[in-house]
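Trainee: Before I ask anything, let me first share the structure, which is written out below as structure tokens.
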Amino acid sequence: MTRSPVSPEPRLPRAVQLRLLAVLALVLAPHLPRLPPWAALLVVAMLVWRTLTALRDWPLLPGGLRVLLTLGAFGGVYASFGSVSGQTAGVALITVMAALKLSELDRRRDLMVMVFLLYFVLVTHFLFSQELWTAAYLLAAATLITALLIDANHPGSVLPLRTGLTMASRLLLRALPLMALMFVLFPRLPGPIWGLPADAGAARSGLSDSMAPGEIARLIGSDAVAFRVRFDGAVPPPSERYWRGPVFQRFDGRRWDAGSRGAADLAPDAELHGAGYRYELTLEPTRTPWLFALDLPARQGLPEDAHINADHQLVLVRGEVRERRRYRLQSHAGYRLQRELPAALRAQTLLLPPASNPRAVALGRQWRRAAKDGAAIVEKALRLFREQPFHYTLNPPTAGRDPVDAFLFDSRRGFCEHFASSFAVLMRAAGIPARVVTGYLGGERNAIGDYWIVRQSDAHAWTEVWLAGRGWLRIDPTAAVAPERIERGIGGALDDTELPDFLNPAARDGFRFDLRARWDWLNARWNQWVLGYGPELQAALLQRFGLDGVRDMLLALTALLTLALSGYGLLLMRRATPRRAVDEPSRLWQRLQRRLARAGLVQAACEGPADYAARVSAARPDLARAIDEAATLYIRLRYLQNGDRDTARALAAAVARVRP
């Protein structure tokens, strides 16, 4: 017995190929800016080549060339990132390999592989962004991929595009209730249930762990949100809205950084007084260990995994801020910080590099010889900035070897980091301990949600000086030159020609500004109720419904899932049960059968309409005329299909006269 040869699997229809290429381009597009240039060009080239192949029926690449391309791409990713694992390298590898898979895409089984690969690539976008627009974008992409999955399981003719999209949308809509149920009720554990790569999370953004001229000015062009703040009651005035971040004590002549600290690294004593502000701060991921707080934060009520270090900066005990964090704090506008200064810290905060910025050092030493106390020196320095022609600008000239000297005596044009750095150098030269503090200043109120938005464009640097009996004092030399920066924000302190479009005062009124505020409010709610839906929020929500603990949540989840799946199964069974289509003649004849059956005259299964009518006429002569007329009309309409609406109305009248 000879076995018939198996027929080869047919090639993919051109329409399906083009649909796949369009969906693949949509899914891979957000990853292209994250790829090395060679990898992005390779992905685009593969998409263009495969599109032309589908349109012009070109042959696919030979197997040997496909192997070389795959090995080359693997080596290229390793050379670019030093690894093929981790968030950035792993996503780059899977993106390039998805594009190279097009080189052998020809059969339906290849389409199935690509569909599931697309689902996987789709999830990787959440490693880089979890914003509301990302979720909407990926939900639309998931609908398109599901339509491809339907195409892959329809081996006959190509489905119309609208039909596939409609079926995919219905499938996702049916899955949404189950998804919401699982999201709300599935127990949220305090710690992660699996490990993520070391580079997982959003890219590092915002302030750095050091400061050099021009680095903070570059942040002004970014409207990215640094954090959002909701005050419980009173809101501090603009002059007190300093958000404390990294503190820098070591200076190499150009760059400031934190330097080294003692082994104990104890938080200094702080006497807090004056107005107290309670607030909730939602910090965006920064991939840095520090948290931000209104100057000066109290030690009480700190997050469990954070502490105040020797610079009175709020930092994590371990790790980095890799995901959005929400925490509550209390801060005081009035304080006396570190009344007694340790000798080691005094020496560190007076240290200047030798032979660096000699003119500034000479000026500071001159003030020390002439002034009677530290407060007089501070005032003399501030008067220098107020009275001399200093300019607050985003575009200062490039500094040379001694940037502080160049700023103070030559250009006199700079941004906040220039003023803070030069002021600290002058104070140290005059014998006053000084350091630079970076963070944010101000914020923009969102009237829709009644909270404050602090953006990267609000980045700022100021100085702290230590005076005997008063401790560390915040001195902002920028305020001496551009007081509008404090009261009206960055948009009120710079010329319109230097401002980015989103900071221009003209853009802060009207429909666009209102739309932007509403969009941010939506994002804030998304962050709070979806991305921030952790163990505490879940427990608080479910306690309102009498559910307490993991056991109750699992029981409720099981019960609701059972009910939902059972109801959905019954609905599918009902839809799958074939229904006999009953036409009007059959419906009228069934009505006649029911009437005669009540009189004991039941039509047998093997009995046709004419025989049944004859038997009824013999048994009930009074019905003979009506039943004969009804049977004749029914046979004409049902079997001979020789009738019109008048015939149907005559049948209805004849059936109505049959009343046993």
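The values are calculated or read from the model by the stated rules, or taken from the named source; none is laboratory data. What you are looking at is a predicted structure, and each value in this text was computed from that prediction instead of being measured. Glycine also receives a Cβ, built like all others from the backbone with ideal geometry; neighbour counts cover every protein chain displayed. The area values use the complete protein model at the heavy-atom level, side chains included, leaving out ligands, DNA and RNA. Shrake-Rupley method; radii C 1.70, N 1.55, O 1.52, S 1.80 Å.
One line per residue, one yes/no per condition, for (1) under 25 Å from Leu281 (Cα atoms); (2) at pLDDT 95 or above:
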position	(1), (2)
Arg435	no, yes
Glu444	yes, no
Asp458	yes, no
Ala468	no, no
Arg488	yes, no
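Trainee: I would also like to ask the following. For region 148-156, state whether one or more residues are in a helix (DSSP H, G or I), open to solvent by 60 Å² or more (accessible area, probe 1.4 Å) and out of contact with any helix residue (DSSP H, G or I) (no Cβ under 6 Å at 6 or more places or on another chain). Steps first, please.
Mentor: Within region 148-156, the subset in a helix (DSSP H, G or I) is 148-152.
Adding the requirement that they be open to solvent by 60 Å² or more (accessible area, probe 1.4 Å) leaves none.
The answer is no; no qualifying residue exists.
Trainee: Can you tell me how many residues in region 440-487 are of a type in the set (D, E, K, R), open to solvent by 10 Å² or more (accessible area, probe 1.4 Å) and farther than 30 Å from Arg516 by Cα? Give the derivation first.
Mentor: Applying the first criterion (of a type in the set (D, E, K, R)) to region 440-487 yields 444-445, 450, 455, 458, 464, 470, 474, 476, 484-485, 487.
Still in the running and open to solvent by 10 Å² or more (accessible area, probe 1.4 Å): 444-445, 450, 455, 458, 470, 474, 476, 484, 487.
Next, from what is left, pick out any that are farther than 30 Å from Arg516 by Cα: 470, 474, 476.
Residues that pass the stated criteria total 3.
Trainee: Could you please find all residues in region 301-357 being aliphatic (A, V, I, L, M), surrounded by 16 or more Cβ atoms within 10 Å (Cβ to Cβ) and in contact (Cβ under 8 Å) with a residue 40 or more places away in the chain?
Mentor: Once the filter is applied, which keeps residues that are aliphatic (A, V, I, L, M), surrounded by 16 or more Cβ atoms within 10 Å (Cβ to Cβ) and in contact (Cβ under 8 Å) with a residue 40 or more places away in the chain, region 301-357 yields Ile308, Ala310, Leu314, Leu329, Ala333, Leu337, Leu341, Leu345, Leu350, Leu352.
Trainee: Let me ask something else. Tell me, please, whether a residue that is farther than 21 Å from Leu352 by Cα and in contact with a Gly (Cβ under 8 Å, 6 or more places away or on another chain) can be found in region 376-383.
Mentor: Here is the first cut: in region 376-383, the ones farther than 21 Å from Leu352 by Cα are 376, 379, 383.
Within this subset, residues satisfying the condition of being in contact with a Gly (Cβ under 8 Å, 6 or more places away or on another chain) are none.
No, because not a single residue in region 376-383 is farther than 21 Å from Leu352 by Cα and in contact with a Gly (Cβ under 8 Å, 6 or more places away or on another chain).
Trainee: Which of (1) assigned to a loop (DSSP other than H, G, I, E, B); (2) more than 27 Å from Arg518 (Cβ to Cβ) does Ala168 not meet, given it meets every other one?
Mentor: (1)
Trainee: Give the residue, chosen from Leu28, Leu41, Leu117, that is in a helix (DSSP H, G or I) and out of contact with any helix residue (DSSP H, G or I) (no Cβ under 9 Å at 6 or more places or on another chain).
Mentor: Numbers: Leu28 fails: out of contact with any helix residue (DSSP H, G or I) (no Cβ under 9 Å at 6 or more places or on another chain); Leu117 fails: out of contact with any helix residue (DSSP H, G or I) (no Cβ under 9 Å at 6 or more places or on another chain).
Matching residue, one of Leu28, Leu41, Leu117: Leu41.
Trainee: How many residues are in contact (Cβ under 8 Å) with a residue 40 or more places away in the chain, in a helix (DSSP H, G or I) and crowded, with 17+ Cβ neighbours inside 10 Å when one looks only at region 91-108? Quick ask: steps written out before the conclusion?
Mentor: First, pick out the residues of region 91-108 that are in contact (Cβ under 8 Å) with a residue 40 or more places away in the chain: 91-92, 95-96, 98-100, 102-108.
Restricting the remaining residues to those that are in a helix (DSSP H, G or I) gives 91-92, 95-96, 98-100, 102-104, 108.
Add one more test, that the residue is crowded, with 17+ Cβ neighbours inside 10 Å, and what stays is 91-92, 95-96, 98-100, 102-103, 108.
So the count comes out to 10.
Trainee: Has region 81-90 got at least one residue that is more than 26 Å from Gly532 (Cβ to Cβ), modelled with pLDDT of 90 or more, open to solvent by less than 20 Å² (accessible area, probe 1.4 Å) and among the small types (Gly, Ala, Ser)?
Mentor: Checked against the condition, which is being more than 26 Å from Gly532 (Cβ to Cβ), modelled with pLDDT of 90 or more, open to solvent by less than 20 Å² (accessible area, probe 1.4 Å) and among the small types (Gly, Ala, Ser), region 81-90 yields at least one hit.
Trainee: State whether the residues of region 152-167 include one that is within 30 Å of Ala92 (Cβ to Cβ) and of a type outside the set (Gly, Ala, Ser). Talk me through it step by step, then tell me what you get.
Mentor: To start, the set of residues in region 152-167 that are within 30 Å of Ala92 (Cβ to Cβ) comprises 152.
Okay, now just the ones that are also of a type outside the set (Gly, Ala, Ser), so none.
Within region 152-167, none of the residues are within 30 Å of Ala92 (Cβ to Cβ) and of a type outside the set (Gly, Ala, Ser).
Trainee: Just give me the residues in region 358-368 being surrounded by fewer than 16 Cβ atoms within 10 Å (Cβ to Cβ) and aliphatic (A, V, I, L, M), in sequence order.
Mentor: Ala362
Trainee: Also: Being aliphatic (A, V, I, L, M) and within 22 Å of Gly214 (Cα to Cα) is true for just one of Ala360, Ala376, Ala371. Which residue is that? Don't jump to the end; show me each part of the working.
Mentor: Details: Ala376 fails: within 22 Å of Gly214 (Cα to Cα); Ala371 fails: within 22 Å of Gly214 (Cα to Cα).
Within the list Ala360, Ala376, Ala371, the selection yields Ala360.
Trainee: So, in region 297-310, how many residues would count as being part of a loop (DSSP other than H, G, I, E, B), more than 25 Å from the chain's Cα centre (by Cα) and either at pLDDT below 90 or under 16 Å from Gly276 (Cβ atoms) (or both)?
Mentor: Of region 297-310, the ones part of a loop (DSSP other than H, G, I, E, B) are 298-305, 309-310.
Remaining after also requiring more than 25 Å from the chain's Cα centre (by Cα): 298-302, 304, 309-310.
Filter once more, so that each one left must be either at pLDDT below 90 or under 16 Å from Gly276 (Cβ atoms) (or both): 298-302, 304, 310.
Of the residues in that region, 7 qualify.
Trainee: Another one. Can you name every residue in region 136-172 that is farther than 17 Å from Leu20 by Cβ and within 22 Å of the chain's Cα centre (by Cα)?
Mentor: Ala136, Tyr137, Leu138, Leu139, Leu172
Trainee: Can you find, within region 565-591, the residue that is farthest from Met182 (Cα to Cα) among those that are modelled with pLDDT of 75 or more and of a type in the set (A, V, I, L, M)?
Mentor: Leu588
Trainee: Being closer than 21 Å to Trp462 by Cα and assigned to a helix (DSSP H, G or I) narrows it down to one residue among Ala375, Ala362, Ala399; which is it?
Mentor: Details: Ala362 fails: closer than 21 Å to Trp462 by Cα; Ala399 fails: assigned to a helix (DSSP H, G or I).
Only one candidate qualifies: Ala375.
Trainee: Taking region 592-606, which residues are within 13 Å of Ala656 (Cα to Cα) and open to solvent by 80 Å² or more (accessible area, probe 1.4 Å)?
Mentor: Kept after step one, since they are within 13 Å of Ala656 (Cα to Cα), are these residues of region 592-606: 592-596.
Arg594, the sole residue that qualifies.
Trainee: Among (1) assigned to a helix (DSSP H, G or I); (2) crowded, with 22+ Cβ neighbours inside 10 Å, there is one condition Val437 misses while meeting the rest; what is its number?
Mentor: (1)
Trainee: Next question, about the same structure. Which residue, of Leu283, Leu272, is farther than 30 Å from Ile448 by Cα and buried (at least 17 other Cβ atoms within 10 Å of the Cβ)?
Mentor: Details: Leu283 fails: farther than 30 Å from Ile448 by Cα.
So the residue among Leu283, Leu272 that is farther than 30 Å from Ile448 by Cα and buried (at least 17 other Cβ atoms within 10 Å of the Cβ) is Leu272.
Trainee: Another question about this same structure. Go through Gly214, Gly259, Gly245 for me and flag whichever is under 18 Å from Thr478 (Cα atoms), of a type outside the set (Val, Ile, Thr) and assigned to a loop (DSSP other than H, G, I, E, B).
Mentor: Working: Gly259 fails: under 18 Å from Thr478 (Cα atoms); Gly245 fails: assigned to a loop (DSSP other than H, G, I, E, B).
On inspection, the qualifying residue turns out to be Gly214.
Trainee: Considering only region 59-80, state which residues are exposed (fewer than 14 other Cβ atoms within 10 Å of the Cβ), more than 35 Å from the chain's Cα centre (by Cα) and under 20 Å from Leu41 (Cβ atoms).
Mentor: Leu65, Leu68, listed by residue number.
Trainee: Further, regarding this structure: Answer with yes or no whether Glu387 is farther than 26 Å from Leu467 by Cα and either free of Cβ contacts under 8 Å to residues at least 40 places away in the same chain or touching a strand residue (DSSP E or B) at 6+ places or on another chain (Cβ under 6 Å) (or both).
Mentor: Details: farther than 26 Å from Leu467 by Cα: no; either free of Cβ contacts under 8 Å to residues at least 40 places away in the same chain or touching a strand residue (DSSP E or B) at 6+ places or on another chain (Cβ under 6 Å) (or both): yes.
Against the criterion (farther than 26 Å from Leu467 by Cα and either free of Cβ contacts under 8 Å to residues at least 40 places away in the same chain or touching a strand residue (DSSP E or B) at 6+ places or on another chain (Cβ under 6 Å) (or both)), Glu387 does not qualify.
Trainee: Restricting to region 493-511, name every residue that is assigned to a helix (DSSP H, G or I) and either at pLDDT 75 or above or β-branched (Val, Ile, Thr) (or both). Quick ask: steps written out before the conclusion?
Mentor: Within region 493-511, the subset assigned to a helix (DSSP H, G or I) is 501-503, 505-508, 511.
Of everything in region 493-511, nothing turns out to be assigned to a helix (DSSP H, G or I) and either at pLDDT 75 or above or β-branched (Val, Ile, Thr) (or both).
Trainee: Do you know which residues across region 607-634 are over 14 Å from Gln593 (Cβ atoms), surrounded by fewer than 18 Cβ atoms within 10 Å (Cβ to Cβ) and not charged (D, E, K, R)?
Mentor: Ala610, Ala614, Ser617, Ala618, Ala619, Pro621, Ala624, Thr632
Trainee: A further question follows. In contact (Cβ under 8 Å) with a residue 60 or more places away in the chain and assigned to a helix (DSSP H, G or I), is that true of Arg591? Talk me through it step by step, then tell me what you get.
Mentor: On the way: in contact (Cβ under 8 Å) with a residue 60 or more places away in the chain: yes; assigned to a helix (DSSP H, G or I): yes.
For Arg591, the condition - in contact (Cβ under 8 Å) with a residue 60 or more places away in the chain and assigned to a helix (DSSP H, G or I) - is met.
Trainee: Report whether or not Ala360 is closer than 18 Å to Val436 by Cα, without any contact (Cβ under 8 Å) to a residue 12 or more places away in the chain and more than 38 Å from the chain's Cα centre (by Cα). Let's see the steps before the verdict.
Mentor: Values: closer than 18 Å to Val436 by Cα: yes; without any contact (Cβ under 8 Å) to a residue 12 or more places away in the chain: no; more than 38 Å from the chain's Cα centre (by Cα): yes.
So Ala360 fails the test.
Trainee: Here's something else I'd like to know. Take region 44-65 and flag every residue that is of a type outside the set (Ser, Thr, Tyr), more than 11 Å from Ala99 (Cα to Cα), in a helix (DSSP H, G or I) and touching a Leu at 6+ places or on another chain (Cβ under 7 Å).
Mentor: Within region 44-65, just Ala54 meets the criteria.
Trainee: Could you say which residue among Phe186, Phe251 is under 24 Å from Gln348 (Cα atoms) and either modelled with pLDDT of 90 or more or open to solvent by 30 Å² or more (accessible area, probe 1.4 Å) (or both)?
Mentor: Values: Phe186 fails: under 24 Å from Gln348 (Cα atoms).
Selected residue: Phe251, the only one of Phe186, Phe251 that is under 24 Å from Gln348 (Cα atoms) and either modelled with pLDDT of 90 or more or open to solvent by 30 Å² or more (accessible area, probe 1.4 Å) (or both).
Trainee: Moving on to the next point. Testing Val158 on (1) among the β-branched types (Val, Ile, Thr); (2) within 26 Å of Leu531 (Cβ to Cβ); (3) modelled with pLDDT under 85, one condition comes back false. Which one is that?
Mentor: (2)
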